[in-house]
Every structure is written in structure tokens, then in C-alpha cells.
Amino acid sequence: MMKKISLSNLVKNSGSIDEYDPNSMDFHSAKKWIAQFVEPIRKKEVIRIDNSLGRILFADIKSESNVPNYDNSSMDGYAINFSQKEIYNFNVIGSDFAGSLKNFEIKNGEALEIMTGGKIPKGTSAVVPIELVNIYKNTIQIKTLPKYNTNIRKIGTDIHKGQIILNAGKYLRPAEIGLLASLGVGNVSVFKKLKIAYFSTGDEIIEVGKPLKLGQVYDSNYYSIGALLKSLHIEKIDFRNVPDKKEKIKQNLIKAAQIADLIITSGGVSVGKADFVKEVLSEIGEILFWKLAIKPGRPLAYGKINHTHFFGLPGNPVSAIVTFYQIVLPAIKNLMGNTNYHPPPTFKVKSNGRILKKPGRMEFQRGMLIQEKNDWIVNPILNQGSGNLSSMTESNCFIVLNSEQGTIDKGEMVDVQYMGGIVD
Ligand code: AMP
Ligand code: MG
């Protein structure tokens, strides 16, 4: 089991911890270690619920009222009073409609016409739906007596006053926002937006719109990671692109660490001559690991500069997105205060093709989950190259293969993780 340890102590005394290997960290250990070091940044702000989609609740929400806040009818029909004796004919004394503020009372043998949501009059034994009633002028007749309280939604049965209805750390989806509104809560206290600084590195990286010379590539990571960040409702601090110069990378990292909660870079963490990110980070901060035993995404760094967390993503566009989803996203969720976040589950389906794999690294291959008759099956994407972004655009799931796994034949079962979700 891992002991609670600070990152700087871990890095200083790493020899004493057997399972720690910054040169080839396995996926699960990396996630566990990171989870130890990322605590929610506890700053709050109060915002209107209209603007709260995708934000994280800072404190528990207690209901100040009962839902429903009055006994009401769950049917269109008649409220009847048979409290004194078994009767089948009732005098209709009037009509009530949802939203009416009148207070009716019915006595034994009386009925009130009532709509769904209408306030149950005093003296009601039960509500009978309109379909079970014969109507004669001002009288109604029923064949069988309902049980007491049938078709009555009692006060406080959904939510009672004082009950905690949403816990701190909850991610606000449309349903949560509706629930808050249903309780009359118009303003809500949420975690402040996380400040994330991002820059791409690489002398060969060119901004979109400029002409591309031989040997240059457009900065796609800036846009794909930028879009990922946008979907997370954070505050992005833009450092654009930093050239492969050690001093430049250092200056930018120091500046970013002064203003951001988290820094994300892409490129420059492998072992090439121009890969300075790791080197600079070990001078001005601490690095937990710089290589992960996964594919794609082997060069991936996590560390800290003072209080600011740091992720160095691989430069390869697919690796950058895959490591973001698999490693960075859960860490961001934690920092944002969304402590009950769980990554989408994996489940087993039949592979509709052969999947090439060598044992040794965990892989997140890309696949297309499709329905065939009543079964879901996965079509592995053929070109799994880590620079081939279309392997991402043509897929809707990851095929998750553990590190010992070898090649998989067509028809074998594999774990898949669907990339989309119905609400968030
Ligand atoms: P690096 O991790 O810096 O060695 O980069 C690995 C590969 O990814 C190289 O082929 C780079 O040209 C490419 N790459 C690095 N950064 C980006 C970027 N921001 N957008 C597109 N490709 C990139
Ligand atoms: Mg580079």
C-alpha cells in the first residue's frame, strides 16, 4: 500500500519505495500517485444557477422546503370523502385546478373535481381517476372504494425540509440545476474555475493560418487540448507555443507557475536533443515520473512547481489526447473539487477484427463500437499510429488492453470504454 507522502519527499527519498519507477510507471500506479497529490483547490464563488452547468458544488445543499410542498393529486379525477361510511355516490361541490390558491373542504359523501397537481382538499379520503367515475349532473358514482390516500402525493415525499439533496463535490448537470430550481434556489456556491496554463513546445510547430514549410507541422495540440479544456469549464491561460530553447521553456514555466493552478504542455518530454521540459522541471520543481508504460503516450510527465501541478503531454497528437483523457482528466476533476468523479466504465464486447499487440505496455487502442443485431461489437481502427489523428476521429471507444496481453484474434472478447456519455 502507498503511504501518504509529499511529492518532494517522494522524489528525494525515492530509493526507499519499491513500486516507484519514474522511468516506467505503470498506468494504475501513476493514477494512484497522482491522486495522492491532487487535492481540490478550495476557493469558491457564488453564481446564478443559469450559469452553473458543468460547475462543481462547493458545499452541501439542504432543502429549505418540502417537495411537494402540499398534498396534491397525481391524477385528473375527483377527491372524495368516505370517512364515515361505505358510500358509492358523491355530491360534487366544485372544481379545483392546479395553481388555484383556494382552500376547499369536503365532508363525508362529498367530492371535488381535481386536476393533476391540484391541492388536496381538507377531508379527502382518496382521489379517484376520471376514468373510474360515472358522472350524473352534480353527482358522481364509483363501483369500488379505493384505499385511503390513493393517488395522493403527500407533502415532503420527494424531499423533506432539511434533507441534504446535493453533496459538495457534485458536478452540476441539467437535472441538478432543475432540482435546485425546484427548491427555489437561484444562486449556488461552486468551486472557482481552475486556472490552467497551456503551451505547446516545438520549433517545428506552426500556427494555423501560416504557410507550412517542409519540416513544419501545424499546432494541432493547441486546438485539441484547448477544446478539451473548454469542455471542462476551467479558465484557460494561454501561452500559445514556446520554442525548443531551454531558457524560454524555463521562463514560461516559472511565469505560468505564478498564476496557474495547473500547467499543461505538449511535446518536449521525450529523450530527443530538443526535449527540455523534463530537464527544466527537475531544476525548478519536482517530477513524479516522465515515462508511463502505456501506448500511446509513453513520454508523459507529472510534477509540481511550488504549488502548481504540471503535466507534460507527449507531442504526438493522438498520444496527447489519449493521455489527457486517461490521466490528466481525472486529476483535473479532483483539483476542480469533483471528488466523486469516475471515469467511464469499461465493459466486454467481441472484437470484430484482429488486434495486434505486444506484451509489456498497457494500450488504449481506438475502436468503433457498433450494434450488430442485438449485440454490440467493436471494430478496431486499422492505423493505430500515435500521429494519426483520424484514428481518434473515426473511433467512439478505447479498446483497453492490459500490459501482459498479446495479440487478440477476431471473435475474442475485449474491454472497451465508450468515449461519449449521455449528459456530460
Ligand atoms: P515531441 O514529443 O516534442 O518529441 O513531439 C513528437 C511528435 O509530435 C513530433 O513529430 C512533433 O512534430 C509532433 N508534435 C509535437 N507537438 C505538436 C503539436 N503541438 N501539434 C502537432 N504535432 C505536434
Ligand atoms: Mg518537440
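Just so it is clear, none of the values below were taken in a lab; they were calculated from the coordinates. These numbers were taken from a predicted model, which means no experiment stands behind them. Using ideal geometry, Cβ is built from the backbone for each residue, glycine included, and neighbour counts are taken over all protein chains shown.
Here is how the numbers come out for the structure above:
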{"quantity": "Centroid-to-centroid separation of the stretch 156-217 and the stretch 287-330 [C-alpha atoms, Å]", "calculated": "21 Å"}
{"quantity": "Neighbour net charge for G367 - beta-carbon separation under 11 angstrom, K R +1, D E -1", "calculated": "-1"}
{"quantity": "Centre separation in Å (Cα based) which lies between the stretch 253-282 and the stretch 107-139", "calculated": "72 Å"}
{"quantity": "Pairs of Cα atoms farther than 29 Å apart, the chain, %", "calculated": "60 percent"}
{"quantity": "With Cα atoms, 0 to 90° folded angle of helix 246-259 axis to the chain main axis", "calculated": "30 degrees"}
{"quantity": "Residue (of S386, I106, Y218) at the positive-pole extreme of the chain, dipole from beta-carbon charges", "calculated": "Y218"}
{"quantity": "Radius 14 Å from Cβ of A111, net charge of other residues (Lys, Arg +1; Asp, Glu -1)", "calculated": "-2"}
{"quantity": "Aspartates and glutamates whose Cα lies under 17 Å from that of K213, excluding same-chain neighbours fewer than 8 positions away", "calculated": "D203, E204"}
{"quantity": "0 to 90° range, to nearest 10: angle between helix 27-37 axis and the chain longest Cα axis", "calculated": "80 degrees"}
{"quantity": "CD proxy at 222 nm, helix term only [per DSSP H run n ≥ 4: -39500 (n - 2.57); per residue of the chain; nearest 500]", "calculated": "-5000 deg cm²/dmol"}
{"quantity": "Total lysine pairs whose alpha carbons fall under 26 Å of each other in the stretch 1-103 (8 or more apart, or interchain)", "calculated": "13"}
{"quantity": "Extension reserve of the S74-E372 stretch, reckoned as 0.36 nm per residue once the Cα distance is removed", "calculated": "103.1 nm"}
{"quantity": "Full-extension gain in nm, T116 to N383, via 0.36 nm per residue minus C-alpha separation", "calculated": "90.3 nm"}
{"quantity": "Net charge contributed by nearby residues that have their C-beta within less than 15 Å of M75 (K/R +1, D/E -1)", "calculated": "-1"}
{"quantity": "Estimated distance in nm for a label pair at L132 and I254, the labels positioned 7 Å out from Cα along Cα-to-Cβ", "calculated": "8.0 nm"}
